[in-house]
1. Within the stretch 19-44, how many residues turn out to be over 8 Å from the mean Cα position of the chain (by Cα) and surrounded by 14 or more Cβ atoms within 10 Å (Cβ to Cβ)?
2. Return the residues of the stretch 45-66 that are small (G, A, S) and surrounded by 14 or more Cβ atoms within 10 Å (Cβ to Cβ); say none if nothing qualifies.
Amino acid sequence: MNTPSIHLMLLVLLLAVVALFCTLVGAAAGLLARIDGCTYAGALLRGALAFAGSATLSLVLLTFVLTAL
C-alpha cells in the first residue's frame, strides 16, 4: 500500500471532522447566548469565539497526535 496517500486521506478526514465539530460548538454557543438574552451581534461574537477556541484546541491536539505518529 501507498502509506503517504493513506496518511493524507486520514489527515483530510480528521480536518473535516474537526471543522464539523467546531461549527457545531460555535452554533451551540451562539444559540445558548441568544436564548440567554444576548443580542444577535453578541451571540454571533460568542459563537465565533467558541468556534475559534475549539478550532485552536482541536488543531493543536491533531498536530500533537500526528507528530507522535
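Every number in this text was worked out from the coordinates using simple rules, so none of it is lab data. Remember, predicted model here, so these are calculated numbers, not experimental data. Note that each Cβ is placed from the backbone with ideal geometry, even for glycine, and that neighbours are counted across all protein chains shown.
1. 10
2. Step one: of the stretch 45-66, the residues small (G, A, S) are 47-48, 50, 52-55, 58.
Once the filter is applied, which keeps residues that are small (G, A, S) and surrounded by 14 or more Cβ atoms within 10 Å (Cβ to Cβ), the stretch 45-66 yields G47, A50, G53, S54, A55, S58.
Okay, residues lined up against (1) part of a helix (DSSP H, G or I); (2) in contact (Cβ under 8 Å) with a residue 12 or more places away in the chain:
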| site | (1), (2) |
| --- | --- |
| P4 | yes, no |
| L13 | yes, no |
| T23 | yes, yes |
| L31 | yes, yes |
| R34 | yes, no |
| G37 | no, no |
| A48 | yes, yes |
| L57 | yes, no |
| T63 | yes, no |
